[in-house]
Each structure stands twice: as C-alpha cells, then as structure tokens.
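Peer 1: One structure, pasted below without further comment.
All of the numbers you see were taken from the coordinates with simple rules; none came from a lab. Because the structure is a prediction, the values reported are computed rather than measured. Methodologically, a virtual Cβ is constructed for each residue, glycine included, from the backbone with ideal geometry; neighbour enumeration extends over all protein chains shown.
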Amino acid sequence: MELISLKGVSKKYKNGVNAIYDLDLKIKKGEFVFIIGGSGSGKSTLIKMLYREEKPTKGELIIGGKNVAKLRNSKVYKLRRKLGIVFQDYRLLPKLTVYENVAFALEVIGEKASDIRIKTLKSLELVGLKGKTRNYPDELSGGEQQRVAIARAIVNNPKLLICDEPTGNLDPLMSEEIVNVLDDINKTMGTTVIMATHDRDIVNKFKKRVIAIKDGRIVKDYAEGKYDNEAI
Amino acid sequence: MKLFRMFKCGVRDAFKSVYRNFSLSIASISCISITLLVVAVALVLSFNVKNFSKEIESDVAMVVFLNLGVTNEEITEFESTISNMENILPNWEAQTPTERKEMLLAEDDFWNSVGSLIDNEEEIFHYTYKIKVKDINLINETATELENLPVVQVVNYGEGIVEQMVSVFDLVNKIAFLVVIILVIVTVFLIVNTIKLTIFSRRREISIMRVVGASNWTIKNPFIIEGFVIGLLGSIVPIILTVYGYTSFYNSLDDGHLFSSLIELLPPQPFVFFVSLAIVVIGVVVGMFGSGRAVRKYLKV
C-alpha cells in the first residue's frame, strides 16, 4: 500500500525559479528511500513539500490518503504530528537538556506528563542515548546531537520519517552510525524513512531504493540502488 | 482537559521566558512603564480638565428679565413654560422687584444712595429669573427661545464668552483624549517591537515547535501570556507613581485648589484607583495584542 503518492507535482517559486517539474512518484509503507541529487537539483524542495513547508503549485501530493497540496496553513500541524522530521543542523534547543528536547515535541502537542516520560525515555533508548538525558546539546558530539534529533522525530511514533541530509555535518563514521539508527527504526517500527542525501558512501553501502533527481525531474529510480555518476 | 493542560503550559512557559530572556524582558517592561506613565499623566490631566470644565459650565447661568409691570398670571404662565423647557434645569431662582431692589442696595453704592427715594420698585425693577441649563452647548438656542416669549424683555448670559469658554474646554478635552489614544498606539508599537526582539531570539524555538506539530494557537499562547505578564509588570511603576504622586500633589495644595480657587482638582480617592485600573487594563490588553501581532509573522508556513 502506498503511503506517499505524487501525481504531476510541479513547484515554481515566486521568484520564477522552477524547482520541480511534473513529478510522479509512489512510496510504499515501510520503505526506506534515499533521494539523491546535486545542489539545486530540487531534492530539498521535494522534501519540503512532503512536510508541507512548501506547497506544490500544481499536482496532487497524497500522504496517508490526504492531499497535502490542498492543506490549509492553519491545519499543517495535523500533518506534522504524523511525521518525524530530521534536519542537517539538528535544530535542538541549546537551553534544554537532551530529555527536555525530546519531551518538548510531546509537550507542545498537549500530551499527558506521565505519557511524556515513558515515550521520551523509550525513544532515547532506541537511539542509544539513555545515559545522556541530563546533558545539554553542546556537551554532545555531532552524531549524538543528531541522534537526539532522531529521538525527537520518532517520539510520537510517526508513520513517516523525513530526513533532510541528516549526515551532512558528520564525518563518515558518525554518518554510518546515524543511518544505522534510521535503518533500525525502519526495520523494528516499520516506519517509512525518506532520506535526502548526497553522501555517496552511505547510499552505496545500504543498498536501499534510490531516487535520483536532476533539474527538478526524476532521472533514475533504482530498487536497490547505488550512487554513481550515471545516477546524477 | 487537554486545553487546560496546554494553557497551564503556556502560563508556565510565559513566566519562564520572561525570566530566561531577562534583559529583553526588562527592556520591554521599562519601555511599557514609561509609556504607561505618560498615559497616566494624560489621563489625570484629561479627567481633571473635564471635571474642571464641568464645574465651570454648571456655574454658568442666564438671567431673564421679564417686562416691567408683569401680571401674576403672566408670571405663572412663564414659570410653567420654563418648567417644560427641556434644556432648563429645574432649580431656577426667581427674584421679585422688591428682592432685586434690596440686592442692588446691598451691592451697589449708587443704588444705596438713591434707593431710599424709590418707592415704586415695580416700575423700575424687573421680575428676574436666574436659570441654569443642562447642555451648555445649547445655551444660545435656549436664550433665543426665551427671548421670543412676549413676557420676556431681555436675556443676559454673557454671550460670546460662554461659547468661547465652552469651545476652549471642548478643545482641551479632545486634545487630551487624542494624546491618550496616540500614546496607546505608540505603546502598541513599542511592545510589538520589543516582543519582536524576544521572538527574534526565539525564532528557532518557534520553528522547532512548528516542525514537531504545535498548532498556531499553541505557539501563540505563551507569547500572548508573556505580553500579558509584561503589560502587568510594566504597569506597576506607573501605578505606584500615579497613586502616591497624585495623592501627595493633591495634599500639598490648599484643599485641592490649583493656582486659584477656580480650579479644583479631583480628590485622589477613588480617582487614582480608577486611573490605576485603566493603566493595568491598557498595559495588559496592549501587551497581549502587541505580542499576538509580533508572533504572527513567524506562524506563516
């Protein structure tokens, strides 16, 4: 069953730049997908449309049966509660501890205090950071910070995890560690994972579905792909 | 229950935020304090001018002179006419020719010297009425109406001066009101700007809140409560200054008379409490409105 379905999706920015042209794409529940492409290829725009930071100018973008393209701004939060999002720059709050950063995601949606505690600790355990709950983000390594961000993204048990270049700021070893965590989440929780990246080694190592984007169009869609020069 | 929990969260976050962004909060609070203080001064001035002009206006009377030798029937008819006129207060005073003669003899040396020669007062002195009006702006119309009655000879009410005075008071009142309104608007801008600074330093937090699925209301809520808290804290100093300042100023005057016995200030109680209430309400409402506006920009997806 498809979780995400794009039909004829185009995106043109107000300044006239065409980022995405007439894109068709289907992603099934439980898949792990790498989206690859160079700078300015449109992969970031595609990712942003998935969590409705950007709105398609044309076409249908269906996530979990709902057309996100028609979602009103004031209702976007309903979509976001079903998603987990991880960014390249972690986006943690420096004045909150690891535990508070993860719990924050549940607090703002009005979860009960007792549930917050259970879910937060479980989530931190899943990313292997149970021992660092009281630390502040600046006391952690880049990889650990990204794991906190992942814990925050999955704390609400989302069906879909969107990662926008999560390894962009990390060295190869840490990058692999992070993708391992994502792979684990994908396998154990059945969460669909979409990860935009331009990390050649990671893509080649994990052998997942690879969608290559160039100039706003899908140029390759490998089932067990690799990152080669042909792909981009 | 969930709403209540989130509201509780909002209140807690607002206080936390005021504390965490202490220097910015102090900046917002002091800037609100200063503007509210000016608002307080303008309010005190405005109400005192209003009170003072009301006092003077209520003292303005017109004197109606009836024809010489009016009959008792004409007098009764005149009195019933003025009782039915809308703009005339019912506390008018009548003066018979004899009373008028006595008053003039007591007041004036000339009349005193010739008064004893007069024994036919009714042919020399008029039957007069001292009349006060409800709406001083309509005094001209009322006077004309009275003058048109056949039994009335002349109406005196200090034409010109009264109208001038009325228009001057009116102007002063309008200016004071305008100053209050302008200051309130200025306060809104100041609050919007200072809270924008706070929000600017917290835009990361807002963007994370949006990413993890906080509704616009949830994001706005702590900022609006923060505006409330800042408005509330900002009104403390102006209130203290108003209450103690006005009371001691009033007490330093002779019975509340400023410059002359003509200008009487409003007694401090309950006036200062009323002004304080107005200051709190303005501070709080403007604080909430200001932060609501300031955060709006960051809520657009």
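Peer 1: Could you tell me the distance between the Cα centroids of the stretch A:60-132 and the stretch B:197-222, to the nearest Å?
Peer 2: Here the two parts' Cα centres lie 14 Å apart.
Peer 1: With a point put 7 Å past each Cα toward its Cβ, work out how far B:Val281 is from B:Phe110 in nm, to one decimal.
Peer 2: Reported label-point gap for B:Val281 and B:Phe110 is 5.6 nm.
Peer 1: Let me ask something else about it. If you place +1 on the Cβ of every Lys and Arg and -1 on the Cβ of every Asp and Glu, how big does the dipole about the Cα centre of the stretch B:61-156 come out, in debye to the nearest 20?
Peer 2: 260 debye
Peer 1: What shape does the stretch B:67-173 take by its C-alpha gyration tensor, where a ≥ b ≥ c are the square roots of the eigenvalues and a/c under 1.5 counts as rounded, a/b above b/c as prolate, and the rest as oblate?
Peer 2: Because a/c hits 1.5 or more and a/b fails to exceed b/c, the stretch B:67-173 counts as oblate.
Peer 1: While we're looking at this one, here's another question. Run the simple label-point estimate for A:Leu96 and B:Glu147 please: 7 Å along Cα→C-beta, distance reported in nm.
Peer 2: 7.9 nm
Peer 1: For B:Glu93, put the label point 7 Å out on the Cα→Cβ axis and report which residues of the stretch B:101-142 keep their amide N under 16 Å from it.
Peer 2: Residues B:101-108, B:127-133 fall inside that zone.
Peer 1: Give me B:His257, B:His126 sorted ascending by neighbouring Cβ count inside 10 Å, so fewest comes first. Don't skip to the end; give the middle numbers.
Peer 2: Numbers: B:His257 12, B:His126 22.
So the ranking, lowest neighbour count to highest, is B:His257, B:His126.
Peer 1: For a quick check: sort B:Ile34, A:Ile194 by the number of other beta carbons within 10 angstrom, fewest at the front.
Peer 2: Exposure proxy ranking, most exposed first: B:Ile34, A:Ile194.
Peer 1: Still on this structure: Would you tell me the mean number of C-beta atoms belonging to other protein chains that fall within 10 Å of each C-beta in B:241-248, as a whole number?
Peer 2: Neighbouring Cβ atoms belonging to other protein chains average 0 per residue here.
Peer 1: First measure r as the distance between the Cβ atoms of B:Asn156 and B:Ile181, then evaluate 1/(1 + (r/R0)^6) with R0 = 51 Å and state the FRET efficiency to the nearest 0.05.
Peer 2: After rounding, the FRET efficiency stands at 0.85.
Peer 1: Further, regarding this structure: For each of B:Thr144, A:Thr192, count neighbouring Cβ atoms within 10 Å of the residue's Cβ, then give the residues from fewest to most. Mind dumping the intermediate values first?
Peer 2: Working: B:Thr144 10, A:Thr192 23.
In increasing order of surrounding Cβ atoms, one gets B:Thr144, A:Thr192.
Peer 1: For a distance above 31 Å, tell me the whole-number percent of Cα pairs in the protein assembly as shown that qualify.
Peer 2: Numbers: 91370 of 141778 pairs.
Counting pairs separated by more than 31 Å, the tail of P(r) holds 64 percent.
Peer 1: Give me the number: length gained by fully extending B:Phe189 to B:Lys16, i.e. 0.36 nm times residue separation minus the C-alpha to C-alpha distance, one decimal in nm.
Peer 2: Extending this stretch completely gives an extra 59.9 nm.
Peer 1: Still on this model: Find which of A:Ala103, A:Leu92, A:Ser74 sits farthest along the positive direction of the dipole of chain A, computed with +1 on the beta-carbon of Lys and Arg, -1 on that of Asp and Glu, about the Cα centre.
Peer 2: A:Ser74
Peer 1: Only helical DSSP H runs with n ≥ 4 go in: add -39500 (n - 2.57) per run for the protein assembly as shown, normalise by residue count and round the 222 nm mean residue ellipticity to 500 deg cm²/dmol.
Peer 2: The per-residue figure over the protein assembly as shown is -18000 deg cm²/dmol.
Peer 1: With Kirkwood's inverse mean 1/r over C-alpha pairs for Rh, give me the Rg to Rh ratio of chain B, two decimals please.
Peer 2: In chain B, Rg relative to Rh is 1.26.
Peer 1: Diagonalise the Cα gyration tensor of the stretch A:93-157 and give the resulting equivalent ellipsoid semi-axes, square root of 5 times each eigenvalue, largest first, whole Å. It would help to have the intermediate numbers written out before the result.
Peer 2: On the way: eigenvalues 64, 28, 19 Å².
The three semi-axes for the stretch A:93-157 are 18, 12, 10 Å.
Peer 1: Something else now. Between B:Val237 and B:Met85, what is 0.36 nm times their sequence separation minus the Cα-Cα distance? Round to one decimal in nm.
Peer 2: Result for the pair: 49.7 nm of gain on full extension.
Peer 1: According to a simple spin-label model (label point 7 Å from Cα along Cα-to-Cβ), what is the distance in nm between A:Glu139 and B:Arg296?
Peer 2: 4.2 nm
Peer 1: For peptide A:106-115, what's the mean number of Cβ atoms from other chains within 10 Å of each residue's Cβ?
Peer 2: 5
Peer 1: Here's another thing I want to ask about it. If you stretched the chain out fully between A:Asp115 and A:Met1, how much longer would it get, using 0.36 nm times the residue separation minus the C-alpha to C-alpha distance?
Peer 2: The span from A:Asp115 to A:Met1 would gain 38.0 nm if fully extended.
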